[in-house]
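All remarks here apply to the structure that follows.
The values are calculated or read from the model by the stated rules, or taken from the named source; none is laboratory data. This structure is a prediction, so every number in the text was calculated from the model and none was measured. Note that each Cβ is placed from the backbone with ideal geometry, even for glycine, and that neighbours are counted across all protein chains shown.
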Ligand code: ES4
Ligand code: ZN
């Protein structure tokens, strides 16, 4: 199975570029940029990764990414991820970034986008990996701050396909961002949102109804509402599921308790993704293997995750055709 999964053409749709910051690069950039972080060695960084829920993870995440300062840093980060994609036979990737993590500490929006985009263009020309870019609002911040961030995004409209919504759902329902999502859609952005990860199933209904998302990030709580599962199947609304992330953050107690195999069997358009691979213990192959090992899934089932991802992607129909 491992050989099959490695060779399987894969598409990644739920990946926070900041979540690919490996401890080695964190320490290197801390030195390069003279940023003080409370870790001296890779062992220190690993020891600090003792989070077991989303809010503890997010605090650590903010601290770790504070070493990213310049356009070159964002280029280096993205390039390292793309090289990993090449090794793992990921042919297309739709990456998210969290500008507010950076602009709030004085990094220019343009430095973030330009660094990421330069790597993505080079990934296309030299690694033959296609990509799209998604700008995520942090739902723990205000809608006013999201509106300001949307303004900063406008000059880069041609480089950004969609806006998204991430961070903790608790106390931050989708309705809080109805206005900024409406504005984003009017400006021509597609929309996605995290929902039904650490928040209730109603959040999934609301990102569909009120934010009009094209797909749902995580969405695993959908099984709390039979009618919603039926709707997801009928309308083929994709879920970008992140198995290792879900277990690491306690969304499921163990991989064999995850509902991904169930969702696949029921005809939901589920996909496998890595979320924040440097923090949750694995990239795409590791996530596929974790699912294959936990459930009695055939090679055909595993390939289905890839064909679902092609359909769920923001590629054109010609590009999708070429991948199938
Ligand atoms: C995230 Cl695992 C997770 N959940 C919600 N928002 C996020 N941003 C980065 N990783
Ligand atoms: Zn995520």
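Observations on the structure shown:
- Residue list for the range 110-140, filter: over 20 Å from residue 79 (Cβ atoms) and surrounded by 18 or more Cβ atoms within 10 Å (Cβ to Cβ): 136, 137, 138, 139
Conditions tested, residue by residue: (1) under 26 Å from residue 11 (Cβ atoms); (2) in contact with a helix residue (DSSP H, G or I) (Cβ under 9 Å, 6 or more places away or on another chain).
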{"position": "131", "(1), (2)": "yes, yes"}
{"position": "134", "(1), (2)": "yes, no"}
{"position": "146", "(1), (2)": "no, yes"}
{"position": "149", "(1), (2)": "no, yes"}
{"position": "155", "(1), (2)": "no, yes"}
{"position": "163", "(1), (2)": "yes, yes"}
{"position": "167", "(1), (2)": "yes, yes"}
{"position": "170", "(1), (2)": "no, yes"}
{"position": "176", "(1), (2)": "no, yes"}
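- Per-region count, the range 168-198, residues surrounded by fewer than 22 Cβ atoms within 10 Å (Cβ to Cβ) and closer than 22 Å to residue 241 by Cβ: 7
- Residue selected from the range 156-167 under the condition away from ligand 1 (no atom under 16 Å from the Cβ) and touching a residue at least 12 places away in the same chain (Cβ under 8 Å), by the criterion surrounded by the fewest Cβ atoms within 10 Å (Cβ to Cβ): 157
- Scan of the range 1-47 for residues that are without any contact (Cβ under 8 Å) to a residue 60 or more places away in the chain and either farther than 26 Å from residue 75 by Cα or within 16 Å of ligand 2 (Cβ to nearest atom) (or both), ordered by number: 3, 47
- Of the residues screened, residue 120 is not one that is farther than 15 Å from residue 14 by Cα, part of a helix (DSSP H, G or I), at pLDDT 95 or above and within 16 Å of ligand 1 (Cβ to nearest atom).
- Selected residue (criterion: nearest to residue 138 (Cα to Cα)) from residues of the range 51-83 that are modelled with pLDDT under 95 and outside any helix (DSSP H, G or I): 53
- Filter pass, residue 207 being in contact (Cβ under 8 Å) with a residue 24 or more places away in the chain, surrounded by fewer than 22 Cβ atoms within 10 Å (Cβ to Cβ) and on the phi < 0 side of the Ramachandran plot: no
- Residue match in the range 94-116 (condition: at positive phi, assigned to a loop (DSSP other than H, G, I, E, B) and modelled with pLDDT of 95 or more): yes
- All conditions in (1) within 16 Å of ligand 2 (Cβ to nearest atom); (2) surrounded by fewer than 17 Cβ atoms within 10 Å (Cβ to Cβ); (3) closer than 26 Å to residue 309 by Cα hold for residue 95, with the sole exception of (2).
- In the range 258-280, the residues that are closer than 17 Å to residue 299 by Cα reach residues that are away from ligand 2 (no atom under 15 Å from the Cβ) and at pLDDT below 95 with C-beta atoms within less than 9 angstrom, at least six apart or across chains, in these pairs: 261/296.
- Taken over the range 230-255, residues that are within 22 Å of the chain's Cα centre (by Cα), part of a helix (DSSP H, G or I) and either within 16 Å of ligand 2 (Cβ to nearest atom) or over 24 Å from residue 94 (Cα atoms) (or both) amount to 7.
- Total residues in the range 205-223, condition within 18 Å of residue 243 (Cα to Cα), within 14 Å of ligand 1 (Cβ to nearest atom) and part of a helix (DSSP H, G or I): 2
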